[in-house]
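For reference, the structure is listed below as structure tokens.
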Amino acid sequence: MATISSLPTEPSEAGASQAVKAQLRLREMILAGELPGGARIAELSIVEKLGVSRTPIRAALMRLEQEGLLEA
């Protein structure tokens with residue numbers, strides 16, 4: 001069970017960590033060919049696959065676009 005001292009001190013810390021995890025997992029999926037090049041990525045399907053809410057997924061997708069792995 002989490003204690004108060006082990007919880008994030010700011011709400012953004014938990015969200016940022018989820019976004020980073022989503023970004024890393026999506027990058028792995030892209031590089032492994034699990035997400036084929038040129039295919040549209042449905043945000044809701046990624047949410048379901050990764051078990052993360054939409055906000056961290058959106059942040060991860062924006063970062064991957066900045067890296068050149070995705071196109072808007």
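Quick note: the coordinates plus some simple rules give every number you see, no bench work behind them. In this text, all values refer to a predicted model and were calculated from it rather than measured experimentally.
The H on the amide N of L70, modeled in the peptide plane, is under 5 Å from the matching H of E65, each at least 5 residues off or on a different chain.
Going by the alpha-carbon gyration tensor, a ≥ b ≥ c the square roots of its eigenvalues, is the stretch 14-66 rounded (a/c under 1.5) or, if a/c is not under 1.5, prolate (a/b greater than b/c) versus oblate?
On the way: a/c = 1.71, a/b = 1.47, b/c = 1.17.
The shape class here is prolate.
Multiplying the residue separation of M62 and S45 by 0.36 nm and removing their Cα-Cα distance gives an extension gain of 4.5 nm.
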